[in-house]
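Trainee: Take this structure, written in structure tokens, and hold onto it; I'll ask about it next.
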Amino acid sequence: MSASEYDYDLFTIGIGSGGTRASRIASGHGARVAAAEEYRVGGTCVIRGCVPKKMLVYGAHFAEDLEDALNFGWSIEGKSFDWVALRDHVQKDIDRLEGLYNETLENHGVEVFHERARITGDHEITLESGRVVTARYILVATGARPHVPECEGREHIITSNEAFHLDEVPRRVLILGGGYIANEFAGIFNEFGSKVTLANRSDVLLRSYDEALRDRLLQISLTKGIEFLFNNKFEYIRKRDDGALDVKLTDHDERVYDVVMAATGRVANTEGLGLENIGVELGPRGEIKVDEYSKSSVDYVYAVGDVTARVQLTPVAIREGQAFADTVFGGGDPVAVDHSCIPSAVFSHPPIAAVGMTEGEARNRLGNVKVYQADFRPMKNVVAGRNERGLYKMVVDAANDRVVGLHMIGPESPEIMQMAAVAVKAGLTKADFDATMAIHPTMAEELVLFK
Ligand code: NDP
């Protein structure tokens, strides 16, 4: 079959961050593109992930800002918080963003099907409506969904998907997990006044981050009143007539909560897509196995984003979508995404941000490393009377003075890290940081003043 004998040059299944970028860039390269989405256009990040989460983080932080305002001379009498107002404002903005995503695709000439699609044969896709179409290339960008552990009463557990739509702020909330989502939502609920308990199967929070930062977040979270139960799993969850949930964790007596939320990782959405019909190979956790150009084991099927479980972050999915479209339709050299040295952040209270190797990783890989640390109380916290310290850490390869890791916890650290990551990615040295004049007074100046 020649290219024009297919209905489309590209059919994208799943219109999230990766699928959107790939579809519109492919179309820009002249491809005839269609895309299908069974839920809402925008994917996890826009609809029920990064974006609404960040809005809740902003909303939550006012709890502290209003307290801190006092020492800056402001009196905020009669302050109150209206969850429904925030929730609905957030959802309204999500509707707006979804509209923009649809508009972008339309403007780029991408035909959008608002229904589920599955692969039913070679180059063949069948839509929920029964319509059958063919495509020269198929891109799977179906993302991932929350994993919920097996236990009695599992049906009573919510995930971050539902957390955005709660009718009220729960009085008592139990979060299972110790990663990104668990720590971010622990902070959000705690600021809104919930009694938050975080239970994790191990005693390690945010496993991939530097130990010093993890310890600092734990200490600060404890001070804020979040409770941590380590080395625990669910035994059962039983719902009372009044809706409250009796929960038994392995090492504790039964306790009652209003909401139980699982934040225990995410699984690739590969079921029911018909991948087995054409022999697309999956990895051990159900993810699509791909090469450096996002090509699967089947020559004309590609996959980008969370469904490949390489790095489950939005900007990575977007880069993978772009690289795929440029490689397959751009007419130039193939483009591979560089997955090294990816900066990341946890929007906890306070937030964490990091790029490059942790101290432990650097010692294992490089042997001889130098570590610089700034443990300081941000000026704003001093005036506010908030006894909360920031911690910045720089890890340097002793052999050549290159900065191989930066780790920060403190106000605005993700904003600061985005720019600092450019220097680390570019391979700059500690001497380069030292040669840069400080901006005073800022928190970020600590990065160029390490002694
Ligand atoms: P994470 O991988 O961050 O954390 C999962 C947590 O759940 C870990 O504490 C893990 O424990 C525990 N866990 C894993 N499997 C089980 C299980 N079967 N039973 C009990 N506990 C389990 O996942 P999240 O769900 O928090 O987030 C998913 C992904 O989404 C992240 O990895 C990240 O890529 C992305 N994300 C990014 C954000 C950001 O950039 N700010 C925000 C939110 C999500 P252990 O450590 O022992 O393995």
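Derivation of every value follows stated rules applied to the coordinates shown; laboratory data play no part. Just so it is clear, the model here is predicted, and its values are computed rather than measured. Here the Cβ is made from the backbone with ideal geometry for all residues, glycine too, and neighbour counts use every protein chain on show.
Trainee: For region 19-35, what does the Karplus curve 6.51 cos²θ - 1.76 cosθ + 1.60, with θ = phi - 60°, yield as ³J(HN,Hα) per residue in whole Hz, taken in order and with x for Gly and Pro?
Mentor: Once rounded to whole Hz, the list reads x, 5, 4, 4, 5, 6, 6, 4, 4, x, 7, x, 6, 8, 10, 10, 9.
Trainee: Next up: Over the residues of region 97-142, compute the C-alpha Rg and express it relative to 2.2 N^0.38 Å. Display every interim value, and only then the final one.
Mentor: Working: Rg = 12.0 Å, N = 46, 2.2 N^0.38 = 9.4 Å.
Relative to the rule-of-thumb radius for its length, region 97-142 sits at 1.28.
Trainee: Beyond 21 Å, what share of the Cα-Cα pairs of region 14-146 is found? Please give it as a whole percent.
Mentor: Tail fraction, whole percent: 54.
Trainee: In the neighborhood of Pro149, defined by Cβ-to-Cβ distances under 10 Å, what is the net charge if each Lys or Arg adds +1 and each Asp or Glu adds -1? Before the final figure, lay out the partial values.
Mentor: On the way: positive: Arg154, Arg201, Lys233; negative: Glu150.
Net charge around Pro149: +2.
Trainee: So what's Rg/Rh here for region 28-67, counting alpha carbon atoms and using the Kirkwood radius for Rh?
Mentor: The Rg/Rh ratio comes out at 1.33.
Trainee: Of all alpha-carbon pairs in region 1-87, indicate the percentage at a distance above 20 angstrom.
Mentor: Distances greater than 20 Å cover 59 percent of the Cα pairs.
Trainee: Under a straight-distance cross-link criterion of Cα-Cα below 26 Å, which lysines are reachable from Lys248, leaving out those fewer than 8 residues away in the same chain?
Mentor: Of all the lysines, those that pass the test against Lys248 - Cα under 26 Å, at least 8 places apart if same chain - are Lys195, Lys224, Lys233, Lys239.
Trainee: Separate question: Run a plain Debye calculation on region 174-215 (Cα atoms as equal point scatterers, no solvent) and give log10 I(q)/I(0) at q = 0.22 Å⁻¹, rounded to two decimals, same order as the q list.
Mentor: -0.70
Trainee: Find the all-direction average of the projected area of the Cα convex hull for the chain, expressing the result in square nanometres with one decimal place.
Mentor: 24.9 nm²
Trainee: What does the charge count around Asp68 come to, taking other residues whose C-beta lies under 12 Å from its C-beta (Lys +1, Arg +1, Asp -1, Glu -1)?
Mentor: Neighbour charge sum, excluding Asp68 itself: -2.
Trainee: Loop only per DSSP, at most 14 neighbouring Cβ atoms within 10 Å: give me the trypsin sites (Lys or Arg not before Pro) in region 53-100, ordered by residue number. All intermediate terms of the calculation are to be shown ahead of the outcome.
Mentor: Numbers: sites: Lys53, Lys54, Lys79, Arg87, Lys92, Arg96; in loops: Lys79.
For trypsin sites (Lys or Arg not before Pro) across region 53-100 that sit outside H, G, I, E and B with at most 14 neighbouring Cβ atoms in 10 Å, the list reads Lys79.
Trainee: Right, something else. Please work through the chain and write down the cysteines that have no neighbouring cysteine Cβ at a distance under 4.7 Å.
Mentor: That list is Cys151, Cys341.
Trainee: Sticking with this one: Residues with beta-carbon under 10 Å from that of Gly360, excluding Gly360: net charge, scoring Lys, Arg +1 and Asp, Glu -1?
Mentor: Overall, the nearby charge balance is -2.
Trainee: Please compute P(r) over all alpha-carbon pairs of region 345-451, binned at 10 Å starting from zero, and give each bin as a whole-number percent.
Mentor: Here the calculated profile for region 345-451 is 15, 49, 29, 7, 0.
Trainee: Give a residue-ordered list of calculated ³J(HN,Hα) values for region 329-340 (Karplus: 6.51 cos²θ - 1.76 cosθ + 1.60, θ = phi - 60°; whole Hz; x for Gly, Pro).
Mentor: 3J(HN,Hα) across region 329-340, in whole Hz: 10, x, x, x, 6, x, 10, 9, 7, 7, 8, 8.
Trainee: Residue separation times 0.36 nm, minus the C-alpha to C-alpha distance between Ala244 and Asn387: what's the value? Write down the numbers at each step before the final one.
Mentor: Values: separation 143, 0.36 × 143 = 51.48 nm, distance 3.51 nm.
Residue separation times 0.36 nm, minus the Cα-Cα distance, leaves 48.0 nm.
Trainee: Can you sort Glu38, Glu128 from fewest to most other Cβ atoms within 10 Å of each residue's own Cβ?
Mentor: Ranking Glu38, Glu128 by Cβ neighbours within 10 Å, fewest first, gives Glu128, Glu38.
Trainee: Taking the C-alpha atoms of region 110-185, how large are the radius of gyration and the largest Cα-Cα span, Dmax, in Å?
Mentor: Expressed in Å, the Cα Rg and Dmax of region 110-185 come to 18.8, 53.
Trainee: Sort 132-142, 386-396, 64-74, 229-239 by the packing proxy (mean of other Cβ within 10 Å over each peptide's residues), most packed first.
Mentor: 132-142, 386-396, 229-239, 64-74
Trainee: Which ³J(HN,Hα) values, rounded to whole Hz and listed in residue order, are derived for region 245-261 from phi using the Karplus coefficients 6.51, -1.76 and 1.60 in 6.51 cos²θ - 1.76 cosθ + 1.60 with θ = phi - 60°, glycine and proline given as x?
Mentor: Karplus values, whole Hz, x for Gly and Pro: 10, 8, 10, 10, 9, 3, 9, 9, 5, 4, 9, 10, 9, 8, 9, 10, 10.
Trainee: I want to make sure I understand the PRE zone here: with the label point 7 angstrom from the Cα of Glu5 toward its beta carbon, which residues in region 109-141 have backbone N atoms less than 13 Å away?
Mentor: 123, 135-136, by backbone N distance to the label point.
Trainee: Return the equivalent ellipsoid semi-axes of region 245-316 as a descending list in whole Å, where each equals the square root of 5 times an eigenvalue of the C-alpha gyration tensor.
Mentor: Equivalent ellipsoid of region 245-316: 37, 14, 10 Å, largest first.
Trainee: Rounded to two decimals, what ratio of Rg to Rh does region 287-360 give with C-alpha atoms and a Kirkwood Rh?
Mentor: Rounded to two decimals, Rg over Rh is 1.06.
Trainee: Grab the eigenvalues of the alpha-carbon gyration tensor for region 144-245, scale each by 5, take roots, and send me the semi-axes largest first in whole angstrom. Provide the component values of the computation, followed by the final result.
Mentor: On the way: eigenvalues 104, 53, 33 Å².
Working through the eigenvalues yields semi-axes of 23, 16, 13 Å.
Trainee: Now for a separate question. Using a simple spin-label model with points 7 Å from Cα along the Cα→Cβ vector, what separation in nm is obtained for Ala398 and Glu106?
Mentor: 6.2 nm
Trainee: So what is the diffusion coefficient of region 246-392 in µm² per second by Stokes-Einstein at 10 °C and 1.306 mPa s, using a Kirkwood Rh over Cα pairs?
Mentor: Answer from the Stokes-Einstein relation: 80 µm²/s.
Trainee: Going by amide H atoms built from the backbone, whose H comes under 5 Å of the H on Val267, apart from near neighbours?
Mentor: Arg145, His147
Trainee: Where does region 196-257 land on Rg(C-alpha)/(2.2 N^0.38 Å)?
Mentor: Taking N as the residue count of region 196-257, the ratio is 1.31.
Trainee: Quick one: compute a quarter of the convex hull surface over the Cα atoms of region 395-451 and quote it in nm². Write down the numbers at each step before the final one.
Mentor: Working: hull surface 15.4 nm².
Approximately 3.8 nm², given one-decimal rounding.
Trainee: Sequence-distant or interchain residues sharing an amide H contact under 5 Å with Phe228, placed H: which?
Mentor: Result for Phe228 returns Leu198.
Trainee: Something else now. Take the Cβ-Cβ distance between Lys451 and Arg377 as r, set R0 to 25 Å, and report the resulting FRET efficiency rounded to the nearest 0.05.
Mentor: Computed FRET efficiency for Lys451 and Arg377 comes out at 0.90.
Trainee: When only DSSP loop residues count, what trypsin sites (Lys or Arg not before Pro) in region 138-181 have their Cβ near at most 15 other Cβ atoms within 10 Å?
Mentor: Counting only loop positions with at most 15 other Cβ atoms within 10 Å, the trypsin sites (Lys or Arg not before Pro) in region 138-181 are Arg171.
Trainee: While we're here: Let me check I have the definition right: for region 1-43, take the eigenvalues of the Cα gyration tensor, multiply each by 5, take square roots. What are those semi-axes in whole Å, largest first?
Mentor: 21, 12, 6
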